[in-house]
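The values are calculated or read from the model by the stated rules, or taken from the named source; none is laboratory data. No experiment lies behind these values; they were computed from the predicted model shown. Ideal geometry is used to build each Cβ from the backbone, glycine not excepted, and the neighbour counts take in all protein chains shown.
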Amino acid sequence: MTENWDVIVVGGGTAGLAAGLTLARSRRRVLVVDAGEPRNAPAAHMHNYLGREGASPAALLADGRVEVESYGGVVRRGVVTAAASSAAGGFEVTLDGPGERSDGGTTRSALHARRLVLATGVVDELPDVEGLAARWGRDVLHCPYCHGWEVRDRRIGILATSPLALHQAQLFRQWSDDVVLFANDALDLGHHAHDELAARNIEVVGGKVTRLVVGDALEGVELADGSRVAVDALAVATVVHARGEVAAMLGLPLVEMRTGDVVVGEHVASDAQGLTAVPGVWAAGNITDLRATVIVASAQGVAAAAAVNADLVAEDVRLALHAGRDGSPEFWERFYAERDQVWSGRVNAAVAATAEALTPGRALDLGAGEGGDALWLAERGWEVTATDVSQTACDRIAGRAGDRPLTTERHDLTETFPAGEFDLVTASFLHSPHPDFPRTAILRRAAAAVAPGGTLLVLGHGRLAPWSWDPSLRLPTAPEVLASLELGPEWEVVRAASPERVATGPDGQEATITDEIVEVRRRP
(Lines give C-alpha, C1' and ligand atoms only; values in the text may rest on other atoms or scores of the structure.)
Protein backbone atom coordinates (compact mmCIF):
# COMPACT_ATOMS: atom_id res chain seq x y z
CA MET A 1 0.00 0.00 0.00
CA THR A 2 1.21 3.52 -0.81
CA GLU A 3 1.62 5.86 2.15
CA ASN A 4 0.31 9.36 1.52
CA TRP A 5 2.03 12.42 2.98
CA ASP A 6 1.60 16.14 2.55
CA VAL A 7 5.38 16.58 2.56
CA ILE A 8 8.35 14.24 2.54
CA VAL A 9 11.57 15.84 3.75
CA VAL A 10 14.58 13.95 2.44
CA GLY A 11 17.37 14.45 4.95
CA GLY A 12 17.37 14.33 8.74
CA GLY A 13 20.02 16.94 9.51
CA THR A 14 19.30 20.32 11.03
CA ALA A 15 17.73 21.76 7.87
CA GLY A 16 15.51 18.74 7.34
CA LEU A 17 14.42 18.49 10.98
CA ALA A 18 13.73 22.23 11.16
CA ALA A 19 11.56 21.91 8.05
CA GLY A 20 9.83 18.87 9.52
CA LEU A 21 9.18 20.65 12.81
CA THR A 22 7.71 23.71 11.11
CA LEU A 23 5.47 21.57 8.90
CA ALA A 24 4.36 19.34 11.78
CA ARG A 25 3.46 22.43 13.80
CA SER A 26 1.49 23.57 10.74
CA ARG A 27 -0.56 20.37 11.13
CA ARG A 28 0.84 18.86 7.95
CA ARG A 29 1.32 15.14 7.56
CA VAL A 30 5.09 15.15 7.24
CA LEU A 31 7.72 12.43 7.00
CA VAL A 32 11.42 13.16 7.53
CA VAL A 33 13.66 10.52 5.94
CA ASP A 34 16.98 10.26 7.77
CA ALA A 35 19.88 8.34 6.21
CA GLY A 36 21.88 8.86 9.41
CA GLU A 37 24.94 10.40 7.73
CA PRO A 38 25.22 14.03 8.92
CA ARG A 39 28.13 16.04 7.58
CA ASN A 40 29.25 17.11 11.03
CA ALA A 41 29.21 13.60 12.54
CA PRO A 42 32.97 13.75 13.37
CA ALA A 43 32.53 17.00 15.31
CA ALA A 44 32.02 16.86 19.07
CA HIS A 45 30.76 20.43 19.32
CA MET A 46 28.98 23.06 17.26
CA HIS A 47 29.36 26.80 17.56
CA ASN A 48 27.63 30.11 16.79
CA TYR A 49 24.25 28.49 17.47
CA LEU A 50 22.63 30.99 19.80
CA GLY A 51 21.45 29.28 22.97
CA ARG A 52 23.25 26.01 22.23
CA GLU A 53 26.83 27.21 21.92
CA GLY A 54 29.24 24.28 22.25
CA ALA A 55 26.50 21.66 22.25
CA SER A 56 26.92 18.28 20.60
CA PRO A 57 25.61 18.14 17.01
CA ALA A 58 24.40 14.60 17.65
CA ALA A 59 22.48 15.78 20.73
CA LEU A 60 20.88 18.59 18.71
CA LEU A 61 19.66 16.12 16.08
CA ALA A 62 18.36 13.74 18.74
CA ASP A 63 16.41 16.57 20.38
CA GLY A 64 15.14 17.65 16.95
CA ARG A 65 13.78 14.21 16.16
CA VAL A 66 11.91 14.16 19.47
CA GLU A 67 10.48 17.63 18.80
CA VAL A 68 9.27 16.74 15.29
CA GLU A 69 7.54 13.63 16.58
CA SER A 70 6.01 15.49 19.54
CA TYR A 71 3.92 17.46 17.03
CA GLY A 72 2.85 14.40 15.04
CA GLY A 73 5.61 14.36 12.44
CA VAL A 74 7.36 11.09 11.62
CA VAL A 75 11.13 10.60 11.41
CA ARG A 76 12.17 7.37 9.72
CA ARG A 77 15.61 5.94 9.08
CA GLY A 78 16.11 4.99 5.46
CA VAL A 79 17.38 5.88 2.01
CA VAL A 80 15.30 7.19 -0.89
CA THR A 81 16.06 4.91 -3.83
CA ALA A 82 13.55 6.34 -6.33
CA ALA A 83 11.69 9.63 -6.71
CA ALA A 84 9.67 10.97 -9.62
CA SER A 85 6.77 13.28 -10.41
CA SER A 86 3.41 11.53 -10.42
CA ALA A 87 1.00 11.78 -13.34
CA ALA A 88 -1.76 12.27 -10.77
CA GLY A 89 0.11 15.15 -9.13
CA GLY A 90 2.74 15.21 -6.43
CA PHE A 91 5.59 12.74 -6.23
CA GLU A 92 6.11 8.99 -5.95
CA VAL A 93 8.97 8.01 -3.65
CA THR A 94 10.51 4.64 -2.83
CA LEU A 95 12.14 4.30 0.58
CA ASP A 96 14.47 1.50 1.64
CA GLY A 97 14.92 1.25 5.36
CA PRO A 98 15.56 -1.11 8.25
CA GLY A 99 12.67 -3.43 8.96
CA GLU A 100 11.69 -6.37 11.12
CA ARG A 101 12.98 -9.07 8.79
CA SER A 102 14.73 -11.98 10.51
CA ASP A 103 17.67 -11.72 8.11
CA GLY A 104 18.28 -8.12 9.10
CA GLY A 105 17.61 -6.88 5.56
CA THR A 106 15.81 -3.75 4.47
CA THR A 107 12.15 -3.16 3.83
CA ARG A 108 10.85 -1.15 0.89
CA SER A 109 8.04 1.39 1.20
CA ALA A 110 6.04 3.11 -1.55
CA LEU A 111 5.27 6.72 -0.63
CA HIS A 112 3.35 9.58 -2.21
CA ALA A 113 3.91 13.22 -1.30
CA ARG A 114 2.22 16.39 -2.44
CA ARG A 115 5.51 18.27 -1.98
CA LEU A 116 9.18 17.44 -1.38
CA VAL A 117 11.92 19.18 0.57
CA LEU A 118 15.49 18.12 -0.22
CA ALA A 119 17.82 18.55 2.75
CA THR A 120 20.32 15.82 1.92
CA GLY A 121 23.38 17.92 2.74
CA VAL A 122 26.87 17.61 1.31
CA VAL A 123 30.05 15.55 1.50
CA ASP A 124 33.54 17.02 1.76
CA GLU A 125 36.21 15.96 -0.70
CA LEU A 126 39.46 15.97 1.30
CA PRO A 127 42.95 16.21 -0.14
CA ASP A 128 44.74 12.88 -0.52
CA VAL A 129 47.07 13.21 2.45
CA GLU A 130 47.78 10.23 4.69
CA GLY A 131 46.08 10.57 8.09
CA LEU A 132 44.03 13.62 7.13
CA ALA A 133 40.60 12.00 7.04
CA ALA A 134 41.06 10.36 10.44
CA ARG A 135 41.58 13.75 12.11
CA TRP A 136 38.79 15.55 10.18
CA GLY A 137 36.51 17.44 12.54
CA ARG A 138 38.99 17.12 15.40
CA ASP A 139 42.23 19.02 14.84
CA VAL A 140 41.90 19.09 11.03
CA LEU A 141 39.53 22.00 10.46
CA HIS A 142 38.01 24.05 7.65
CA CYS A 143 36.08 27.01 9.10
CA PRO A 144 37.59 29.60 11.44
CA TYR A 145 34.15 30.72 12.57
CA CYS A 146 33.29 27.15 13.56
CA HIS A 147 36.63 26.17 15.15
CA GLY A 148 38.88 29.22 15.40
CA TRP A 149 38.15 29.95 19.05
CA GLU A 150 39.03 26.40 20.07
CA VAL A 151 42.53 26.64 18.50
CA ARG A 152 43.18 30.26 19.39
CA ASP A 153 46.75 31.22 20.22
CA ARG A 154 48.03 27.81 19.08
CA ARG A 155 50.21 26.98 16.08
CA ILE A 156 47.81 26.64 13.14
CA GLY A 157 48.80 25.22 9.79
CA ILE A 158 47.01 26.03 6.53
CA LEU A 159 47.15 23.28 3.90
CA ALA A 160 46.82 24.98 0.51
CA THR A 161 44.56 23.28 -2.03
CA SER A 162 44.03 26.36 -4.22
CA PRO A 163 44.92 30.07 -4.31
CA LEU A 164 42.04 30.60 -1.84
CA ALA A 165 44.41 29.36 0.88
CA LEU A 166 45.90 32.87 0.98
CA HIS A 167 42.60 34.23 2.25
CA GLN A 168 42.16 31.25 4.60
CA ALA A 169 45.58 31.94 6.16
CA GLN A 170 44.71 35.58 6.77
CA LEU A 171 41.40 34.55 8.34
CA PHE A 172 43.00 32.15 10.83
CA ARG A 173 45.59 34.82 11.63
CA GLN A 174 42.71 36.57 13.42
CA TRP A 175 42.71 33.77 16.03
CA SER A 176 46.44 33.19 16.38
CA ASP A 177 49.67 35.02 15.67
CA ASP A 178 51.41 31.68 14.96
CA VAL A 179 50.16 30.63 11.50
CA VAL A 180 52.09 28.65 8.92
CA LEU A 181 50.98 28.27 5.31
CA PHE A 182 51.95 25.04 3.54
CA ALA A 183 52.11 25.90 -0.16
CA ASN A 184 51.69 22.17 -0.99
CA ASP A 185 52.52 22.75 -4.67
CA ALA A 186 49.13 24.51 -4.99
CA LEU A 187 50.34 28.11 -4.79
CA ASP A 188 52.41 30.30 -7.07
CA LEU A 189 53.16 33.17 -4.76
CA GLY A 190 53.91 36.53 -6.30
CA HIS A 191 55.63 39.45 -4.60
CA HIS A 192 52.34 40.99 -3.49
CA ALA A 193 51.16 37.79 -1.80
CA HIS A 194 54.56 37.35 -0.10
CA ASP A 195 54.40 40.91 1.17
CA GLU A 196 50.87 40.45 2.56
CA LEU A 197 51.80 37.23 4.34
CA ALA A 198 54.99 38.72 5.72
CA ALA A 199 53.13 41.79 6.92
CA ARG A 200 51.05 39.52 9.16
CA ASN A 201 54.03 37.33 10.18
CA ILE A 202 52.58 34.27 8.45
CA GLU A 203 55.27 31.69 7.77
CA VAL A 204 55.31 30.01 4.33
CA VAL A 205 56.62 26.46 3.88
CA GLY A 206 57.15 25.10 0.37
CA GLY A 207 57.00 21.51 -0.79
CA LYS A 208 54.33 18.83 -0.96
CA VAL A 209 52.63 17.67 2.25
CA THR A 210 52.47 13.85 2.25
CA ARG A 211 51.15 12.83 5.64
CA LEU A 212 50.16 13.97 9.10
CA VAL A 213 52.21 13.22 12.17
CA VAL A 214 49.82 12.05 14.88
CA GLY A 215 50.32 10.91 18.46
CA ASP A 216 47.53 11.35 20.97
CA ALA A 217 46.61 14.36 18.81
CA LEU A 218 47.95 16.09 15.75
CA GLU A 219 51.63 16.89 16.16
CA GLY A 220 52.61 18.14 12.72
CA VAL A 221 52.92 17.46 9.00
CA GLU A 222 55.55 15.64 7.01
CA LEU A 223 56.72 16.91 3.63
CA ALA A 224 57.82 14.96 0.59
CA ASP A 225 61.48 15.57 1.47
CA GLY A 226 60.93 13.87 4.86
CA SER A 227 61.10 17.03 6.90
CA ARG A 228 58.47 17.69 9.56
CA VAL A 229 56.84 20.89 10.69
CA ALA A 230 55.05 21.04 14.01
CA VAL A 231 51.45 22.29 14.14
CA ASP A 232 48.66 21.94 16.70
CA ALA A 233 45.85 22.23 14.15
CA LEU A 234 45.60 22.10 10.39
CA ALA A 235 43.05 24.03 8.32
CA VAL A 236 42.14 22.77 4.87
CA ALA A 237 39.55 23.93 2.33
CA THR A 238 37.61 20.99 0.95
CA VAL A 239 35.66 20.72 -2.29
CA VAL A 240 32.04 20.36 -1.20
CA HIS A 241 29.66 18.14 -3.17
CA ALA A 242 25.90 18.17 -2.60
CA ARG A 243 24.35 14.78 -2.04
CA GLY A 244 22.52 14.98 -5.33
CA GLU A 245 21.20 11.46 -5.90
CA VAL A 246 17.56 12.29 -5.15
CA ALA A 247 17.84 15.64 -6.92
CA ALA A 248 19.07 13.83 -10.05
CA MET A 249 16.10 11.44 -9.90
CA LEU A 250 13.83 14.49 -10.08
CA GLY A 251 15.74 16.09 -12.95
CA LEU A 252 17.63 18.64 -10.86
CA PRO A 253 21.28 18.97 -11.90
CA LEU A 254 24.11 19.96 -9.60
CA VAL A 255 25.52 23.40 -10.40
CA GLU A 256 29.16 24.34 -9.89
CA MET A 257 29.87 27.00 -7.31
CA ARG A 258 32.99 29.08 -7.87
CA THR A 259 34.97 31.66 -6.01
CA GLY A 260 36.77 33.48 -8.78
CA ASP A 261 38.21 30.77 -11.01
CA VAL A 262 38.26 28.14 -8.27
CA VAL A 263 35.52 25.48 -8.10
CA VAL A 264 34.62 25.19 -4.42
CA GLY A 265 31.77 22.73 -4.83
CA GLU A 266 28.46 21.76 -6.38
CA HIS A 267 24.97 22.55 -5.17
CA VAL A 268 21.29 22.48 -6.17
CA ALA A 269 20.12 25.90 -7.34
CA SER A 270 17.07 27.42 -5.62
CA ASP A 271 15.47 30.77 -4.94
CA ALA A 272 15.62 32.62 -1.62
CA GLN A 273 12.90 30.42 -0.12
CA GLY A 274 14.39 27.21 -1.42
CA LEU A 275 12.14 26.59 -4.42
CA THR A 276 14.00 24.67 -7.12
CA ALA A 277 13.45 24.49 -10.87
CA VAL A 278 11.10 21.52 -10.37
CA PRO A 279 7.65 22.72 -9.24
CA GLY A 280 6.76 21.26 -5.88
CA VAL A 281 10.38 20.62 -4.82
CA TRP A 282 12.23 22.82 -2.31
CA ALA A 283 15.80 22.58 -1.06
CA ALA A 284 17.25 23.68 2.29
CA GLY A 285 20.61 23.63 4.03
CA ASN A 286 23.97 22.80 2.54
CA ILE A 287 22.53 21.07 -0.54
CA THR A 288 21.61 24.52 -1.83
CA ASP A 289 23.91 26.74 0.27
CA LEU A 290 27.41 25.26 0.68
CA ARG A 291 28.40 27.92 3.23
CA ALA A 292 25.45 27.45 5.58
CA THR A 293 26.40 26.77 9.21
CA VAL A 294 24.17 24.74 11.51
CA ILE A 295 22.04 27.68 12.61
CA VAL A 296 21.74 29.02 9.07
CA ALA A 297 20.72 25.60 7.74
CA SER A 298 18.06 25.41 10.45
CA ALA A 299 16.71 28.81 9.44
CA GLN A 300 16.64 27.76 5.79
CA GLY A 301 14.65 24.66 6.75
CA VAL A 302 12.07 26.86 8.50
CA ALA A 303 11.88 29.26 5.53
CA ALA A 304 11.46 26.43 3.01
CA ALA A 305 8.79 24.79 5.16
CA ALA A 306 6.83 28.03 5.41
CA ALA A 307 6.95 28.39 1.63
CA VAL A 308 5.82 24.78 1.18
CA ASN A 309 2.96 25.24 3.60
CA ALA A 310 1.83 28.44 1.84
CA ASP A 311 1.86 26.57 -1.46
CA LEU A 312 -0.21 23.75 0.05
CA VAL A 313 -2.66 26.24 1.56
CA ALA A 314 -3.24 27.71 -1.91
CA GLU A 315 -3.78 24.22 -3.30
CA ASP A 316 -6.14 23.37 -0.44
CA VAL A 317 -8.23 26.42 -1.35
CA ARG A 318 -8.36 25.32 -5.00
CA LEU A 319 -9.33 21.79 -4.00
CA ALA A 320 -12.03 23.08 -1.67
CA LEU A 321 -13.43 25.24 -4.46
CA HIS A 322 -13.41 22.34 -6.87
CA ALA A 323 -15.06 20.04 -4.35
CA GLY A 324 -17.97 22.46 -4.14
CA ARG A 325 -18.07 22.91 -7.90
CA ASP A 326 -19.39 19.49 -8.74
CA GLY A 327 -21.43 20.52 -11.76
CA SER A 328 -24.69 19.32 -10.25
CA PRO A 329 -27.96 21.20 -10.81
CA GLU A 330 -27.71 22.33 -7.19
CA PHE A 331 -24.23 23.74 -7.84
CA TRP A 332 -25.43 25.78 -10.83
CA GLU A 333 -28.43 27.03 -8.89
CA ARG A 334 -26.16 28.27 -6.10
CA PHE A 335 -23.76 29.66 -8.70
CA TYR A 336 -26.40 32.09 -9.98
CA ALA A 337 -28.50 32.58 -6.84
CA GLU A 338 -25.52 33.72 -4.75
CA ARG A 339 -24.53 36.43 -7.27
CA ASP A 340 -26.44 39.42 -8.57
CA GLN A 341 -24.75 39.12 -11.96
CA VAL A 342 -22.21 36.63 -13.25
CA TRP A 343 -21.59 37.44 -16.90
CA SER A 344 -21.15 40.68 -18.82
CA GLY A 345 -24.50 40.46 -20.63
CA ARG A 346 -22.79 41.00 -23.99
CA VAL A 347 -23.30 38.66 -26.91
CA ASN A 348 -20.45 36.31 -27.77
CA ALA A 349 -18.66 37.62 -30.85
CA ALA A 350 -18.83 34.23 -32.59
CA VAL A 351 -22.61 34.06 -32.10
CA ALA A 352 -23.08 37.55 -33.49
CA ALA A 353 -20.88 36.86 -36.51
CA THR A 354 -22.75 33.65 -37.34
CA ALA A 355 -26.28 35.00 -36.77
CA GLU A 356 -25.75 38.19 -38.76
CA ALA A 357 -25.16 36.10 -41.86
CA LEU A 358 -28.44 34.19 -41.42
CA THR A 359 -32.11 34.95 -41.89
CA PRO A 360 -33.80 35.09 -38.46
CA GLY A 361 -35.93 32.07 -37.61
CA ARG A 362 -36.26 29.77 -34.61
CA ALA A 363 -33.22 29.66 -32.31
CA LEU A 364 -32.29 27.44 -29.38
CA ASP A 365 -29.66 28.59 -26.88
CA LEU A 366 -28.37 25.71 -24.74
CA GLY A 367 -26.87 26.64 -21.37
CA ALA A 368 -28.00 30.23 -21.85
CA GLY A 369 -26.74 31.50 -18.48
CA GLU A 370 -28.01 35.04 -18.02
CA GLY A 371 -29.05 35.30 -21.67
CA GLY A 372 -26.42 37.50 -23.31
CA ASP A 373 -26.72 35.55 -26.59
CA ALA A 374 -30.44 34.78 -26.34
CA LEU A 375 -31.47 38.38 -25.68
CA TRP A 376 -29.27 39.65 -28.52
CA LEU A 377 -30.81 37.14 -30.96
CA ALA A 378 -34.35 37.99 -29.88
CA GLU A 379 -33.59 41.70 -30.30
CA ARG A 380 -32.79 40.96 -33.95
CA GLY A 381 -35.96 39.09 -34.74
CA TRP A 382 -35.11 35.51 -33.80
CA GLU A 383 -37.76 33.50 -31.99
CA VAL A 384 -35.60 32.21 -29.16
CA THR A 385 -35.89 29.36 -26.68
CA ALA A 386 -33.31 29.85 -23.93
CA THR A 387 -32.51 26.91 -21.64
CA ASP A 388 -30.43 26.54 -18.52
CA VAL A 389 -30.19 24.08 -15.64
CA SER A 390 -30.57 26.93 -13.12
CA GLN A 391 -34.07 28.27 -12.55
CA THR A 392 -32.54 31.49 -11.24
CA ALA A 393 -30.72 31.94 -14.55
CA CYS A 394 -33.93 31.29 -16.51
CA ASP A 395 -35.85 33.77 -14.36
CA ARG A 396 -33.10 36.35 -14.84
CA ILE A 397 -33.37 36.01 -18.64
CA ALA A 398 -37.16 36.19 -18.56
CA GLY A 399 -37.03 39.31 -16.40
CA ARG A 400 -34.89 41.06 -18.99
CA ALA A 401 -36.71 39.84 -22.09
CA GLY A 402 -39.49 42.41 -22.04
CA ASP A 403 -41.59 42.05 -25.21
CA ARG A 404 -38.85 40.24 -27.17
CA PRO A 405 -39.84 36.91 -28.80
CA LEU A 406 -38.09 34.84 -26.16
CA THR A 407 -39.17 32.00 -23.86
CA THR A 408 -37.14 30.19 -21.21
CA GLU A 409 -37.16 26.52 -20.29
CA ARG A 410 -35.29 24.91 -17.41
CA HIS A 411 -33.58 21.71 -18.55
CA ASP A 412 -30.97 19.46 -17.02
CA LEU A 413 -29.61 18.51 -20.45
CA THR A 414 -28.25 15.26 -19.07
CA GLU A 415 -31.89 14.18 -18.62
CA THR A 416 -34.26 16.31 -20.74
CA PHE A 417 -34.00 18.32 -23.96
CA PRO A 418 -36.18 21.02 -25.59
CA ALA A 419 -38.62 19.70 -28.16
CA GLY A 420 -38.80 20.75 -31.82
CA GLU A 421 -36.46 21.77 -34.65
CA PHE A 422 -34.57 25.02 -34.89
CA ASP A 423 -32.90 27.09 -37.60
CA LEU A 424 -30.04 27.96 -35.26
CA VAL A 425 -28.83 25.98 -32.26
CA THR A 426 -26.07 27.52 -30.15
CA ALA A 427 -24.10 25.97 -27.32
CA SER A 428 -21.75 28.64 -25.96
CA PHE A 429 -19.22 27.42 -23.40
CA LEU A 430 -21.32 24.43 -22.44
CA HIS A 431 -18.75 23.04 -19.99
CA SER A 432 -19.11 21.62 -16.51
CA PRO A 433 -16.72 20.82 -13.66
CA HIS A 434 -18.47 17.46 -13.33
CA PRO A 435 -15.92 14.83 -14.46
CA ASP A 436 -18.60 12.75 -16.20
CA PHE A 437 -20.50 15.58 -17.85
CA PRO A 438 -21.84 14.07 -21.13
CA ARG A 439 -21.03 17.05 -23.33
CA THR A 440 -20.62 15.01 -26.51
CA ALA A 441 -24.01 13.32 -26.07
CA ILE A 442 -25.66 16.70 -25.51
CA LEU A 443 -24.04 18.21 -28.61
CA ARG A 444 -25.20 15.27 -30.71
CA ARG A 445 -28.77 15.90 -29.51
CA ALA A 446 -28.23 19.56 -30.38
CA ALA A 447 -27.26 18.55 -33.93
CA ALA A 448 -30.36 16.39 -34.18
CA ALA A 449 -32.49 19.43 -33.28
CA VAL A 450 -31.22 21.47 -36.25
CA ALA A 451 -33.79 21.84 -39.03
CA PRO A 452 -32.80 21.31 -42.71
CA GLY A 453 -30.87 24.38 -43.84
CA GLY A 454 -30.18 25.26 -40.21
CA THR A 455 -26.91 25.89 -38.36
CA LEU A 456 -25.29 24.41 -35.28
CA LEU A 457 -22.74 26.64 -33.53
CA VAL A 458 -20.62 25.20 -30.74
CA LEU A 459 -18.39 27.67 -28.93
CA GLY A 460 -16.05 26.21 -26.32
CA HIS A 461 -13.06 27.01 -24.17
CA GLY A 462 -9.59 25.96 -25.26
CA ARG A 463 -6.84 27.57 -23.18
CA LEU A 464 -8.57 28.68 -20.02
CA ALA A 465 -8.14 31.86 -18.02
CA PRO A 466 -6.49 31.70 -14.57
CA TRP A 467 -9.78 32.57 -12.88
CA SER A 468 -11.66 29.67 -14.48
CA TRP A 469 -13.03 26.97 -12.18
CA ASP A 470 -10.19 24.64 -13.16
CA PRO A 471 -7.46 26.33 -15.27
CA SER A 472 -5.60 23.01 -15.59
CA LEU A 473 -8.53 21.24 -17.22
CA ARG A 474 -7.85 19.97 -20.71
CA LEU A 475 -10.87 20.72 -22.94
CA PRO A 476 -11.45 19.43 -26.51
CA THR A 477 -10.23 21.37 -29.52
CA ALA A 478 -12.49 22.41 -32.39
CA PRO A 479 -11.34 19.49 -34.60
CA GLU A 480 -11.96 17.09 -31.71
CA VAL A 481 -15.47 18.48 -31.16
CA LEU A 482 -16.21 18.20 -34.86
CA ALA A 483 -15.02 14.59 -34.95
CA SER A 484 -17.06 13.69 -31.86
CA LEU A 485 -20.30 14.87 -33.53
CA GLU A 486 -19.94 12.12 -36.16
CA LEU A 487 -21.91 14.13 -38.72
CA GLY A 488 -23.11 12.50 -41.92
CA PRO A 489 -22.95 13.74 -45.53
CA GLU A 490 -26.00 15.93 -45.02
CA TRP A 491 -23.79 18.35 -43.13
CA GLU A 492 -21.25 20.84 -44.39
CA VAL A 493 -18.50 22.33 -42.21
CA VAL A 494 -18.48 26.13 -42.26
CA ARG A 495 -15.56 26.48 -39.85
CA ALA A 496 -13.60 24.68 -37.15
CA ALA A 497 -11.22 27.25 -35.67
CA SER A 498 -9.26 28.06 -32.49
CA PRO A 499 -8.90 31.87 -32.35
CA GLU A 500 -7.21 33.67 -29.47
CA ARG A 501 -8.73 36.61 -27.64
CA VAL A 502 -8.11 38.71 -24.55
CA ALA A 503 -10.63 38.00 -21.78
CA THR A 504 -11.36 40.11 -18.70
CA GLY A 505 -11.87 38.36 -15.36
CA PRO A 506 -14.23 39.18 -12.50
CA ASP A 507 -11.63 41.36 -10.80
CA GLY A 508 -10.63 43.19 -13.96
CA GLN A 509 -7.58 41.05 -14.70
CA GLU A 510 -6.88 40.17 -18.33
CA ALA A 511 -5.59 36.97 -19.93
CA THR A 512 -5.18 35.61 -23.44
CA ILE A 513 -7.41 32.59 -23.91
CA THR A 514 -8.43 30.35 -26.79
CA ASP A 515 -11.93 29.73 -28.09
CA GLU A 516 -12.79 26.54 -29.93
CA ILE A 517 -15.45 27.28 -32.59
CA VAL A 518 -17.34 24.72 -34.63
CA GLU A 519 -19.97 25.93 -37.11
CA VAL A 520 -21.78 23.35 -39.25
CA ARG A 521 -24.82 23.61 -41.54
CA ARG A 522 -27.40 20.94 -42.31
CA ARG A 523 -28.06 20.89 -46.02
CA PRO A 524 -31.66 21.79 -47.05
Original post:
What pairs can you find where one residue is in the stretch 61-79 and at negative phi, the other is of a type in the set (Lys, Arg), and their Cβ atoms are less than 6 Å apart, with a gap of 6+ or different chains?
Top reply: TYR71/ARG25; VAL75/ARG65
Original post:
Any residue in the stretch 63-71 that is assigned to a helix (DSSP H, G or I), of a type in the set (Val, Ile, Thr) and farther than 24 Å from LEU141 by Cβ?
Top reply: yes
Original post:
assigned by TED's automatic domain parsing to the domain that holds VAL518, under 21 Å from GLU519 (Cα atoms) and within 43 Å of the chain's Cα centre (by Cα): does that describe PHE437?
Top reply: no
Original post:
Among GLY97, GLY131, which is the only one that is closer than 30 Å to ASN4 by Cβ, of a type outside the set (S, T, N, Q) and touching a strand residue (DSSP E or B) at 6+ places or on another chain (Cβ under 8 Å)?
Top reply: GLY97
Original post:
Is at least one residue of the stretch 27-47 buried (at least 17 other Cβ atoms within 10 Å of the Cβ), touching a Leu at 6+ places or on another chain (Cβ under 9 Å), of a type in the set (S, T, N, Q) and assigned by TED's automatic domain parsing to the domain that holds GLY285?
Top reply: no
Original post:
Would the stretch 194-204 turn up any residue that is within 26 Å of PHE182 (Cα to Cα), modelled with pLDDT of 95 or more and assigned to a strand (DSSP E or B)?
Top reply: yes
**OP:** Please determine, by comparing only the residues of the stretch 356-374 that are surrounded by fewer than 22 Cβ atoms within 10 Å (Cβ to Cβ) and of a type in the set (A, V, I, L, M, F, W, C), which one is farthest from ARG445 (Cα to Cα).
**Re:** ALA357
Original post:
Which of the residues that make up the stretch 351-380 are of a type in the set (D, E, K, R), touching a Ser or Thr at 6+ places or on another chain (Cβ under 8 Å) and not in a strand (DSSP E or B)?
Top reply: ASP373
Subject >> Residue satisfying all of: in the stretch 75-105; in a loop (DSSP other than H, G, I, E, B) and among the charged types (D, E, K, R); modelled with the highest pLDDT among these >> reply: ASP103
**OP:** Please verify whether the stretch 7-14 includes one or more residues that are closer than 26 Å to ASP311 by Cα and surrounded by fewer than 19 Cβ atoms within 10 Å (Cβ to Cβ).
**Re:** no
Original post:
Are any residues in the stretch 493-524 part of a loop (DSSP other than H, G, I, E, B) and within 14 Å of LEU456 (Cα to Cα), and if so, which ones?
Top reply: ARG523, PRO524
Original post:
Looking at the stretch 421-445, which of its residues are more than 19 Å from TRP376 (Cβ to Cβ) and hydrophobic (A, V, I, L, M, F, W, C)?
Top reply: PHE437, ALA441, ILE442, LEU443
Original post:
Just one of the numbered conditions (1) buried (at least 16 other Cβ atoms within 10 Å of the Cβ); (2) without any contact (Cβ under 8 Å) to a residue 40 or more places away in the chain; (3) more than 19 Å from PRO144 (Cβ to Cβ); (4) in contact with a Gly (Cβ under 7 Å, 6 or more places away or on another chain) is not true of VAL229; which one?
Top reply: (2)
**OP:** Out of ARG115, ARG108, report the one residue that is free of Cβ contacts under 8 Å to residues at least 40 places away in the same chain and not in a loop (DSSP other than H, G, I, E, B).
**Re:** ARG108
Original post:
Would you call ALA353 farther than 17 Å from PHE417 by Cβ and within 44 Å of the chain's Cα centre (by Cα)?
Top reply: yes
**OP:** Name, by its number, the condition in (1) at pLDDT 95 or above; (2) more than 22 Å from TRP332 (Cα to Cα); (3) exposed (fewer than 15 other Cβ atoms within 10 Å of the Cβ) that does not hold for ALA441.
**Re:** (2)
**OP:** Mind counting the residues in the stretch 469-485 that are small (Gly, Ala, Ser) and at pLDDT below 70?
**Re:** 1
Subject >> Of the criteria (1) surrounded by fewer than 17 Cβ atoms within 10 Å (Cβ to Cβ); (2) touching a Leu at 6+ places or on another chain (Cβ under 9 Å); (3) modelled with pLDDT under 95, which one THR210 fails >> reply: (3)
Subject >> Residue, surrounded by the most Cβ atoms within 10 Å (Cβ to Cβ), within the stretch 503-524, restricted to residues that are among the aliphatic types (A, V, I, L, M) and at pLDDT 85 or above >> reply: VAL518
Subject >> Candidates ALA277, ALA320, ALA350, ALA304, filtered to the one that is at pLDDT below 95, surrounded by 13 or more Cβ atoms within 10 Å (Cβ to Cβ) and small (Gly, Ala, Ser) >> reply: ALA350
Original post:
Is the stretch 132-144 home to any residue that is part of a helix (DSSP H, G or I), touching a residue at least 12 places away in the same chain (Cβ under 8 Å) and surrounded by 15 or more Cβ atoms within 10 Å (Cβ to Cβ)?
Top reply: yes
